[in-house]
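Note sheet for the following structure.
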Amino acid sequence: MHSVISSSSSAAAAIPRSGHRGVDFCYVNPSPKLRFCGLRKEAFGVGLGLRRLDSTAARSRRRLVAAAAAAKASENGSAPAKGFDYDLVIIGAGVGGHGAALHAVEKGLKTAIIEGDVVGGTCVNRGCVPSKALLSVSRRLRELQNEHHLKALGLQVAAAGYDRQSVADHANDLASKIRGHLTNSMKALGVDILTGVGTILGPQKVKYGKVGFSDNIVTAKDIIIATGSVPFVPKGIEVDGKTVITSDHALKLEFVPEWIAIVGSGYIGLEFSDVYTALGSEVTFIEALDQLMPGFDPEIGKLAQRVLINPRKIDYHTGVFASKITPAKDGKPVTIELIDAKTKELKDTLEVDAALIATGRAPFTKGLGLENINVETQRGFIPVDERMRVLDKDGNLVPNIYCIGDANGKMMLAHASSAQGISVVEQVSGKDHVLNHLSIPAACFTDPEISMVGLTEPQAKEKAEKEGFEISIAKTSFKANTKALAENEPEGLAKMIYRPDTGEILGVHILGLHAADLIHEASNAIALGTRIQDLKLAVHAHPTLSEVLDELYKSAKVSANVSSPVAEPAQA
């Protein structure tokens, strides 16, 4: 329950809260001149004379929202800094650029965003959004095909199947819908969407335009580069987009192979293995390192292998490179040559129906005109400092130019890009802000999900040894959670790494039902520097999955004499 109290001289009315749907309204009572948001009128003991929303009220709400949007649009039309076309120009309209643009308008900055492809970038069009649609299908299909699971719930379901094209359409339709939402939200606030490829001509000057058309030049007090990334394809791999594919192609789901090799066992590879095995494919992982899922906390990785790999039609080769991959042609299958990662000797040759290259992503920074501001990329990434300010090849700050998201390589996650963009806008608005990247959560949307924030256990041990403090580990199982048992989904583990002397959380890792949703409580605790001592006193509704975190906090052993809050949260 949340309330906002402000003075008001308005007559009693129902005012919609920005960004909320349904009947979550602010009720204004003219007598005490107080406005209460999100609270039922019964809580105040006063009769506000409000009835249920009918169609007329709903239409009124839409008019109010439209009026508010029009007002915001006019705000973005206010005069920019003297001598400039805009206060802020953003190159790239992905999730990071979109988040920065909306926050800039909120701060009163006249803002433009340049996009040479489609609004939404990788995440919305070729990444996290359509992949979640496919994973939603695979999760439901897997459950419907699990006779033992359904029988335990007393359910009987006939043989479950799927229509490939309809599944593909679901993913495509979702991407289109979210892309439309992002575009409309910027237009409603008056952000100028400039179509074309953006190139920096020099400090505070950008040109944009389409191939075959004359370029346009705009000036801005500040510039944000938010051009994102593209799939990384190692040398020796021939991608034809049909039988040897990247995640861009896989999301179209043009066919479901009987046997597919997935090169790389990180987030992308693991999620696609979930989709393909649910749809009936056999999967072979090819991993260069000695263990699968090398980016995860080792304990969580081992559990994930037991839950997500071993029971399914998945085998794997570790410690090998796919040195050469040839697409299927003339009736011949896809061929993959595997070499030892250390000796580089040929170890094996695989013949499969398809191969998915999930070896990570590479920054998209070519053609930006970085040479015009004396900037050289490092492995393709644009160098920045802790405030996302761009650095030139001599390590000096380039005035008024920032880079966020995948293009700077600090943390290649869509929400990290958005957070970096908001941080930059805070700075150009006159408020210093440094984003703590160790407080940014990550999630893998397999079934069950995996999530994490902060340091892994090996990373925490290394930090503790270097800085001279002790760490402790707290764990709890989903098998002890009532809601997980009610869902017949008891497989899972939550793990917290912390300092017993201060109560500071260093990292939290979860594998289990809705782990991606549960992680944010820990993420916010790290961001705000909240101590475990205080979290032990927090109340969680029963029975909910959130009690997994509650048990985690309560099982932690923190020094009793600690009474002051953590001075500074862990920094990246």
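A probe of 1.4 angstrom, applied to the heavy atoms of all protein chains, finds Val434 with accessible area near 60 square angstrom. If I stretch the segment between Lys557 and Thr343 completely, what's the gain in nm (0.36 nm per residue apart, minus their alpha carbon distance), one decimal? Additional length available on full extension: 72.4 nm.
The residues neighbouring Ala278, those whose beta-carbon lies less than 10 Å from its own, together hold a net charge of +1 under the Lys/Arg +1, Asp/Glu -1 convention. When nucleic acids and ligands are ignored and a 1.4 Å probe is applied, Glu489 ends up with an accessible area of around 60 Å². The listed residues Glu287, Glu462, once ranked by accessible area (1.4 Å probe) with the largest placed first, stand as Glu462, Glu287. Using a probe of 1.4 angstrom and keeping all protein chains present, the accessible surface of region 214-263 works out to 45 square angstrom per residue. The phi-based Karplus calculation (6.51 cos²θ - 1.76 cosθ + 1.60; θ = phi - 60°) puts the 3J(HN,Hα) values of region 357-368 at 8, 10, 9, x, 10, 10, x, 9, 10, 6, x, 7 Hz, whole numbers, x for Gly and Pro.
In region 313-407, the portion of solvent-accessible area held by carbon and sulfur atoms comes to 46 percent [1.4 Å probe, whole percent, DNA, RNA and ligands not counted].
Across all Cα atoms of region 185-281, the radius of gyration (one decimal) and Dmax (whole number) stand at 20.0, 55 Å.
Taking all protein chains together and a 1.4 Å probe, the residues Tyr498, Tyr316 rank Tyr316, Tyr498 from largest to smallest accessible area. Report in % the part of the accessible area of region 443-572 that belongs to carbon and sulfur, leaving out ligands and nucleic acids; probe 1.4 Å. Here it works out to 52 percent.
Between Leu150 and Lys324, the FRET efficiency estimated from the beta carbon spacing at R0 = 41 angstrom works out to 0.40.
Here Glu254 and Lys187 are evaluated by their C-beta separation; at R0 = 25 Å the FRET efficiency comes out at 0.15. Ligands, DNA and RNA are left out, and with a 1.4 angstrom probe the accessible area of region 474-554 is 38 Å² per residue.
Of the solvent-accessible surface of region 134-215, computed with a 1.4 Å probe and all protein chains present, 51% belongs to carbon and sulfur. Accessible area per residue for region 326-460, computed on protein heavy atoms with a 1.4 Å probe, is 44 Å².
Near Val129: Cβ cut-off under 12 Å, other residues only, Lys/Arg at +1 and Asp/Glu at -1. The net charge is +3. Couplings 3J(HN,Hα) of region 392-398, computed from phi: 7, 5, 9, x, 8, 5, 8 Hz, in residue order, whole Hz [Karplus 6.51 cos²θ - 1.76 cosθ + 1.60, θ = phi - 60°; x for Gly and Pro].
Short to long, the 5 Å bins of the Cα pair-distance histogram for region 376-484 hold 2, 10, 15, 16, 15, 14, 13, 8, 4, 2, 1, 0 percent of all pairs.
The values are calculated or read from the model by the stated rules, or taken from the named source; none is laboratory data. All of these numbers come straight from a predicted model, not from anything done at the bench. Glycine gets a Cβ as well: all are built from the backbone with ideal geometry, and neighbour counts include every protein chain shown. Surface areas here come from the heavy atoms of the whole protein model, side chains and all, with no ligands, DNA or RNA. Shrake-Rupley method; radii C 1.70, N 1.55, O 1.52, S 1.80 Å.
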